[in-house]
Amino acid sequence: MIKLHVCLWVEFVFISIPAAPFLLKMSLSTVQSTVSTLKSCQTDIAACMDMISDVALGIVEAQGMDNSSALKKLEDMILECSRLDREINCFVDSVDEMTAQVTQEPPEAMVNLRNSVKGRFTELMAGVSDTDLQRHSKVVAFKDSVRKYAMQAGQTPDENEEEELDEDIAVTQSQTNFICPLTQVEMVNPMKNKKCNHYYDQVAVLEMIKCKHKNRKTFRCPKVGCDNKDVRESDLELDLVMKRMIQNHKRQSGKT
Ligand SMILES: [Zn+2]
């Protein structure tokens with residue numbers, strides 16, 4: 001469904017590029033606003049990728065690593081999302097590049113804009129390899145979390161990594177780590193800071209960063225003893241394994 005959505009927007013951007021030079025000024029702003037709507041699709045794609053990861057963790061929780069065909073299907077789906085995300089980036093880049101060029105040239109040049117964008121887009125997409133798609137942070141997170149969660153559930157997909165992961169799990173399992181250093185209550189959507197490995201609740205940390213940046217200040221990691229003086233949104237990643245562990249912990253402590 002998202003794919004259709006994205007294709008429609010891409011087509012719409014092409015349509016809004018005018019064939020006649022005198023429409024240039026008016027339509028460039030239409031193109032820009034359409035491009036920004038297209039960019040907003042990336043938020044939906046990211047949410048979709050998180051959902052796919054969460055379904056995968058549900059499968060691992062119920063069946064361990066046994067249902068490999070279902071996990072493979074989900075991996076294909078998340079790679080498809082990675083491709084869509086990349087497609088939007090390439091498209092936005094080509095529109096930006098070509099419109100920047102055309103505004104410096106005589107209005108007649110605008111006639112060729114549509115073709116230039118299409119050409120540049122094809123060129124950029126041709127340079128995207130499977131490895132690039134695998135490198136998408138959410139694809140990496142998908143694989144990591146399935147692996148970690150399987151280990152935690154007592155499975156051993158790769159024995160060499162057992163030692164390192166055991167340590168990981170021991171740290172994350174301790175209940176104090178479920179508490180957000182900002183809100184002092186159990187996290188709902190735990191985000192991991194890739195720089196210092198500390199966790200915060202999503203709503204609280206994003207609000208805090210926004211607030212600090214508005215006042216032209218940096219946001220220091222609130223974890224006691226941490227020397228990370230600049231927490232950025234780009235360093236944060238939703239940790240679905242941790243989220244599941246908190247939910248399970250809540251369920252268990254509710255029972256006793
Ligand atoms: Zn920290």
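Within the range 226-240, can one find any residue that is in contact with an Asp or Glu (Cβ under 9 Å, 6 or more places away or on another chain), at negative phi, modelled with pLDDT under 95 and away from the ligand (no atom under 14 Å from the Cβ)? Among the residues of the range 226-240, at least one is in contact with an Asp or Glu (Cβ under 9 Å, 6 or more places away or on another chain), at negative phi, modelled with pLDDT under 95 and away from the ligand (no atom under 14 Å from the Cβ), which makes the answer yes. Figure legend. Inter-residue proximity from the range 87-115: first residues of a type in the set (D, E, K, R), second residues modelled with pLDDT of 90 or more and part of a helix (DSSP H, G or I), beta-carbon distance below 7 Å, spacing 6+ or different chains. Indicated pairs: 87/125; 93/124; 97/120.
Screening residue 3 with (1) within 18 Å of residue 121 (Cα to Cα); (2) open to solvent by 50 Å² or more (accessible area, probe 1.4 Å); (3) at pLDDT 65 or above gives one miss only, at (3). Which residues, taken from the range 111-156, are closer than 30 Å to residue 66 by Cα and more than 18 Å from the chain's Cα centre (by Cα)? Of everything in the range 111-156, those that are closer than 30 Å to residue 66 by Cα and more than 18 Å from the chain's Cα centre (by Cα) turn out to be 129, 147, 148, 149, 150, 151, 152, 153, 154, 155, 156.
The values are calculated or read from the model by the stated rules, or taken from the named source; none is laboratory data. This is a predicted model, so every value here is computed, not measured. As a convention, Cβ positions derive from the backbone with ideal geometry for all residues, glycine included, and neighbour counts pool all protein chains shown. The protein model used for the area step is the full one, side chains on, heavy atoms only, and it has no ligands, DNA or RNA in it. Shrake-Rupley method; radii C 1.70, N 1.55, O 1.52, S 1.80 Å.
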